[in-house]
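Beneath this line is the structure, given in structure tokens, with notes to follow.
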Amino acid sequence: MQIRTLTLSDYDETVKLWAEAKLPFKPKGRDSRQAIAEQMNANLEFFIGAFEDSRLVGTVVLSSDMRKGWINRLAVHPGRRGRGAAKALIAEAERILRKHGVRIFCALIEDYNTVSRKLFKECGYVEHSDIKYFSKRDSDEV
Ligand SMILES: CC(C)(COP(=O)(O)OP(=O)(O)OC[C@H]1O[C@@H](n2cnc3c(N)ncnc32)[C@H](O)[C@@H]1OP(=O)(O)O)[C@@H](O)C(=O)NCCC(=O)NCCS
């Protein structure tokens, strides 16, 4: 498995993978081609892909608000799971974020997603069951 930075030419394969992985994403909002192009221009290193035989099998998208680093859009193709791809993507995500001065790594995980919760715990993340997530959005699609 190879891990490398994604570029806009990987966009179609990336959204196909997210759909196949049943990952909730926002194709008309922050995951549109235009939005991703703008995010990549700001920080290309924050888009990471795992490849097997030149085929995209996993992704992770990072963001940083300078105080914390966020692990987003972690997905592995259903046929390529259970082989350490997600663990490798998380390790690479942390390496890149550390390069950018980040020392706190975070992920928002739905309560029902027991596989992902177990994965992050195994990677050393602490689950905060006492925290409720609040957000306010201009529309459901952003
Ligand atoms: C969550 C996901 C990214 C894991 O990808 P993966 O490549 O299969 O994960 P890994 O092979 O790196 O597994 C790492 C650890 O995760 C946990 N894990 C992975 N699959 C699991 C399963 N089916 N059941 C229980 N634990 C599992 C295990 O702790 C595993 O460690 P181990 O193999 O040493 O036991 C993948 O299942 C996926 O894409 N799910 C759909 C999208 C999603 O939910 N993304 C996360 C959003 S927060």
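The values are calculated or read from the model by the stated rules, or taken from the named source; none is laboratory data. None of these values were measured; they are calculated from a predicted model. Positions of Cβ are generated from backbone atoms using ideal geometry, with glycine treated the same way; all protein chains shown enter the neighbour counts.
Observations
- Condition met for Ser116 (over 16 Å from Asp10 (Cβ atoms), of a type in the set (Ser, Thr, Tyr) and near the ligand (Cβ under 10 Å from one of its atoms)): yes
- For Ala86, the conditions (1) assigned to a helix (DSSP H, G or I); (2) more than 8 Å from the ligand (Cβ to nearest atom); (3) crowded, with 22+ Cβ neighbours inside 10 Å are fulfilled apart from (2).
- Subset of region 73-104 [within 16 Å of Lys121 (Cα to Cα) and within 13 Å of the chain's Cα centre (by Cα)]: Leu74, Ala85, Ala86, Lys87, Ala88, Leu89, Ile90, Ala91, Ala93, Glu94
- Residues of region 56-68 satisfying the condition of being out of contact with any Gly (no Cβ under 9 Å at 6 or more places or on another chain) and either in a helix (DSSP H, G or I) or in contact (Cβ under 8 Å) with a residue 24 or more places away in the chain (or both): Arg67, Lys68
- Restricting region 89-128 to residues that are loosely packed, with under 14 Cβ neighbours inside 10 Å and either acidic (Asp, Glu) or modelled with pLDDT under 95 (or both), the residue that is nearest to Gly29 (Cα to Cα) is Glu110.
- Counting the residues of region 119-142 that are closer than 24 Å to Ala93 by Cβ, more than 8 Å from the ligand (Cβ to nearest atom) and of a type in the set (D, E, K, R) gives 1.
- Flag: Ser9 matches the condition of being among the small types (Gly, Ala, Ser), without any contact (Cβ under 8 Å) to a residue 60 or more places away in the chain and assigned to a helix (DSSP H, G or I).
- Some residue of region 13-20 being closer than 20 Å to Cys123 by Cβ, within 16 Å of the ligand (Cβ to nearest atom), touching a Leu at 6+ places or on another chain (Cβ under 9 Å) and not charged (D, E, K, R): no
- Annotation: of all residues in region 18-64 being under 18 Å from Arg81 (Cα atoms) and hydroxyl-bearing (Ser, Thr, Tyr), the one that is surrounded by the most Cβ atoms within 10 Å (Cβ to Cβ) is Thr59.
- Scope region 89-113; condition near the ligand (Cβ under 6 Å from one of its atoms) and among the small types (Gly, Ala, Ser); matching residues: Ala107
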